[in-house]
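Visitor: Below is the structure I would like to discuss, written out as structure tokens.
The values are calculated or read from the model by the stated rules, or taken from the named source; none is laboratory data. Please read these numbers as outputs of a predicted model, since none were measured by experiment. Every residue, glycine as well, gets a Cβ built from its backbone with ideal geometry; the counts of neighbours run over all protein chains shown.
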């Protein structure tokens, strides 16, 4: 490979990085002229449906890196971006700090060998999640951890955490309603009205049944019944799915549904 877009003094780093990637099953292209790219990269590599773009750098170009970051977030398929620098690079500290903060990969070439300092994450896995800053304290406490997991791309864990958070809030609210003397009417073919011990052990499906028993029905109880009906089956299915854009998008939609339910609770 000629690495025509890499300065002569950095071609050794490009060759080392390319060899490191090839040894891990990547097919490397040193002249990828994809017109959808924001700029022509030092090299690109493909493995299955995944695309990795690598820039060989000697100085920080934050504008160029920002363009690639936005490009990656707009992709529907797996897209990763990394910078590669020589260990003696004068701008090493700045480049590493910027790339790490942005979630970009970092490869270091030293003594002719390449090592991965920071793994390049899938930028297409970036999800836009709700901002809880304006929510009630109980909502922030119940869902804050889930939001962080979604932001890290760990949406399967985030979905499970969000569901548990809604379950906990719902149990608290049902216990309040019970202590306030709210009437829970038996529903034909359904469970008997709740007792405190039963509420504390109730899983999501039974919680929905308990809210359906509230009489007279309120906007709160009706919304919780609808929310639980929407999320109950898909959350079990999605939490075991692979990380694909389709599944990730569905999981984010369920997160917004869960937030709607949490907001409705009158705690």
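Visitor: For the stretch 168-267, please list each of the helices (runs of 4 or more DSSP H) lying entirely inside it that holds at least 2 residues being surrounded by 17 or more Cβ atoms within 10 Å (Cβ to Cβ), modelled with pLDDT under 95 and assigned by TED's automatic domain parsing to the domain that holds residue 148.
Guide: 204-212, 219-238, 245-264
Visitor: If residue 101 passes every condition in (1) assigned to a helix (DSSP H, G or I); (2) loosely packed, with under 14 Cβ neighbours inside 10 Å; (3) modelled with pLDDT of 90 or more but one, which one does it miss?
Guide: All conditions are met except number (3).
Visitor: Of the conditions (1) at pLDDT below 90; (2) within 19 Å of the chain's Cα centre (by Cα); (3) surrounded by fewer than 18 Cβ atoms within 10 Å (Cβ to Cβ), residue 38 fails just one. Which one is it?
Guide: (2)
Visitor: For the stretch 50-81, which positions are in a loop (DSSP other than H, G, I, E, B) and modelled with pLDDT of 90 or more? First the steps, then the outcome.
Guide: The first filter runs over the stretch 50-81 and keeps only residues in a loop (DSSP other than H, G, I, E, B), leaving 57-61, 74-78.
Residues satisfying the conditions are 57, 58, 59, 60, 61.
Visitor: Out of (1) surrounded by fewer than 21 Cβ atoms within 10 Å (Cβ to Cβ); (2) in contact with a helix residue (DSSP H, G or I) (Cβ under 7 Å, 6 or more places away or on another chain); (3) under 30 Å from residue 242 (Cα atoms), the odd one out for residue 154 is which?
Guide: (2)
Visitor: Also, quick follow-up: Just the residues that are part of a loop (DSSP other than H, G, I, E, B), touching a residue at least 24 places away in the same chain (Cβ under 8 Å) and buried (at least 17 other Cβ atoms within 10 Å of the Cβ), please, taken from the stretch 17-35. Steps first, answer last, please.
Guide: Going residue by residue through the stretch 17-35, those that are part of a loop (DSSP other than H, G, I, E, B) are 23-26, 30-35.
Subset that is touching a residue at least 24 places away in the same chain (Cβ under 8 Å): 26, 30-31.
Within the stretch 17-35, 26, 30 qualify.
Residue-wise test of (1) under 19 Å from the mean Cα position of the chain (by Cα); (2) under 30 Å from residue 218 (Cα atoms).
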{"site": "98", "(1), (2)": "no, no"}
{"site": "109", "(1), (2)": "no, no"}
{"site": "114", "(1), (2)": "no, no"}
{"site": "150", "(1), (2)": "yes, no"}
{"site": "155", "(1), (2)": "yes, no"}
{"site": "173", "(1), (2)": "no, yes"}
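The rows are residues; the columns are (1) modelled with pLDDT of 90 or more; (2) under 30 Å from residue 20 (Cβ atoms); (3) in a loop (DSSP other than H, G, I, E, B); (4) in the same structural domain as residue 79 (by TED's automatic domain parsing).
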site: 116; (1), (2), (3), (4): yes, yes, no, yes
site: 120; (1), (2), (3), (4): yes, yes, yes, yes
site: 131; (1), (2), (3), (4): no, no, yes, no
site: 141; (1), (2), (3), (4): yes, no, no, no
site: 145; (1), (2), (3), (4): yes, no, no, no
site: 148; (1), (2), (3), (4): yes, no, no, no
site: 153; (1), (2), (3), (4): no, yes, yes, no
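Visitor: Spot the failing condition for residue 101; the list is (1) in the same structural domain as residue 62 (by TED's automatic domain parsing); (2) under 25 Å from residue 258 (Cβ atoms), and only one is missed.
Guide: (2)
Visitor: Then there is this: Considering only the stretch 142-188, state which residues are more than 24 Å from residue 238 (Cα to Cα) and free of Cβ contacts under 8 Å to residues at least 24 places away in the same chain.
Guide: 178, 179, 180, 181, 188
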